[in-house]
Every structure is written in structure tokens, then in C-alpha cells.
Amino acid sequence: MPKQRILVVDDDPDLVRALRLRLRANNYDITTASDGYSAVASAQKDRPDLIVLDLGLPAGDGFVVLDRLQNIDALAGVPVIVLSARDPQGNEERALKAGATAFFQKPADNEELLNVIRVSLPPAAKATAMAAWPS
């Protein structure tokens, strides 16, 4: 069975590298984008099972990306976890209303983020990920 694909969208290359390593170590296939425009294009091309999205992006911030994803039928149901340095006051509620599954402020606790990723994956994807997760 193929690995679950997660799209990581952030313009901080160090954070992207760290997330990529952590998620690959947990048996996920990772694609990345560094701005709002490439995030939407990559999501349309790669059809991820889940998206980890920063709000502060060039070429269309995370709220623009959330709006665009919600308006593409094939992507509207993809879970989006927001991971942002922005103050959660107001931004968390706005992100959740815009369709995000969860909101984390940077720096996020890795284990908590991984737990939310696991429970947010679609059922077919979740079953494979749980089978691959070490006990």
C-alpha cells in the first residue's frame, strides 16, 4: 500500500527540512511548497492526504490558500493543519472557520503535531499509517 502523502507548506527552509525528516521517519511521503501559489499548484498536482500549512507565506498567505483549497472540489475535504508563528488570538478561530482541522503555534510540540496528523488523516490513510507506527 502506498505511503500517505503530506504537503508541507512553509517558507522557512529549516522548518521544512526538520518536518520532512520527522514525517519521513514516521512513514509519510512528503512534498513541499514555499509560497501560496505553489501550495495550491502542488496540492492540485500531488493530491496530498493532508496539508501542514503556514499562514505567513509569500504569493498568497495561508488564508488565501485555505480559501482556494476549499473552492476546489477535489481538495475541499483534505485536512489542513495550520502551523504558524502568528499570534493564535483571532488567527486560530479564523483558520478553523476557513476550513483548517487544527492550529498550532510555532514552535509546535512534535509529538502533539504527529498525533493530530494521525487522527486527521482520512480513514484509509489512517489505517495504513497506524499499521506502520511503532508500538
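With 5 Å bins beginning at zero, the pair-distance distribution over Cα atoms of the chain amounts to 2, 11, 23, 26, 22, 12, 4, 1, 0 %. Charge tally for Arg22 (other residues, Cβ to Cβ under 12 Å; Lys, Arg +1; Asp, Glu -1): +1. Around Asp67, with a cut-off of 13 angstrom between Cβ atoms, what is the net charge of the other residues, counting Lys and Arg +1 and Asp and Glu -1? With Lys, Arg at +1 and Asp, Glu at -1, the net is +2. Seen from Arg94, the other residues with C-beta closer than 14 Å to its C-beta sum to a net charge of -3, counting Lys and Arg as +1 and Asp and Glu as -1. Pairs of Cα atoms nearer than 8 Å and 6+ residues apart set the relative contact order; for the chain it is 23 percent. Quick one: helix 88-97 against the long Cα principal axis of the chain, what's the angle to the nearest 10°, folded into 0 to 90? Orientation of helix 88-97: about 70 degrees from the principal axis. Per residue, the chain reaches -14000 deg cm²/dmol at 222 nm when only DSSP H runs of four or more residues are counted, each adding -39500 (n - 2.57). Taking the longest Cα principal axis of the chain as reference, the axis of helix 110-120 is set at about 90 degrees. Dipole magnitude for the range 4-121: computed about the Cα centre from +1 point charges on Lys and Arg Cβ and -1 point charges on Asp and Glu Cβ, it is near 320 debye. Enumerate the amide H contacts of Leu57 below 5 Å, restricted to partners 5 or more residues apart or on another chain; note that Pro and chain-start residues carry no placed amide H. Amide H neighbours of Leu57, under 5 Å, 5+ apart: Gly62. Seen against the Cα atoms of the chain and their longest principal axis, helix 13-25 is set at about 30 degrees.
Bear in mind that the values in this text are calculations on the coordinates, not laboratory data. Computed from a predicted structure; not experimentally measured. Glycine gets a Cβ as well: all are built from the backbone with ideal geometry, and neighbour counts include every protein chain shown.
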